[in-house]
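What follows is a set of notes on a single structure, which appears directly below.
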Amino acid sequence: MKLAAIITAFALWTVAAFFAGYKLRDYRAANAAQSALTSAQASRADAVTRARNTDHENAQSAAHGEQAHIDRSAAQADHFDTLHKDIETYAHVHSSITGDACSRGTADGEFMRIWTAANAGAFSDATEYHDSSITAARAADVAPAAQR
């Protein structure tokens, strides 16, 4: 009878150990799966955050570039409006000089000022830009025109 009790106890112990090991293995597998899922979600969240930050930086760069373009266009429009008014004023004041009567000797100081302003190249490579990074990039590219 003692031997049967020992064998029964051993069998119950073995079944209990097998069941506990099986449950522990399931718990560890579920824990590993949850850890992998959590890591994947964290890396996806990091990737989305980096992509949104990059998108935001690109949008800011585009906005700065567009603002620089608008500023240059506005300055150029103002320059040409002023130049057009100067030419109209000069033509009105000096109406005796017509296109046929103009010659090299008839240009006065006011005409030379307007001519110089018109041909000064105010919007050439030396233009100051709204965005300092564009100015720095343009300053770095100072190759002579023949090498461009």
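No lab work stands behind these numbers, since they all come straight from the coordinates. Everything numeric here is computed off the predicted structure, so don't read it as measured data. No Cβ is skipped: glycine too gets one built from the backbone with ideal geometry, and neighbour counts run over all protein chains shown.
Extension gain for the segment ALA4 to ASN31, taken as residue separation times 0.36 nm less the Cα-Cα distance, is 5.7 nm to one decimal.
Modelled spin labels at SER43 and LEU24, positioned 7 Å past Cα toward Cβ, are 3.0 nm from each other. Just to confirm a number: summing +1 for Lys and Arg and -1 for Asp and Glu over residues other than ILE87 whose beta-carbon lies under 12 angstrom from that of ILE87, what do you get? Residues close to ILE87 contribute a combined charge of -2.
Counted by Cβ distance under 13 Å from ILE114, the other residues give a net charge of -2, where Lys and Arg count +1 and Asp and Glu count -1.
Given R0 = 41 Å, the distance between the Cβ atoms of PHE80 and ASN53 translates into a calculated FRET efficiency of 0.50. Here each label is just a point 7 Å from Cα along the line to Cβ, and for ALA118 and LEU12 those points are 11.4 nm apart.
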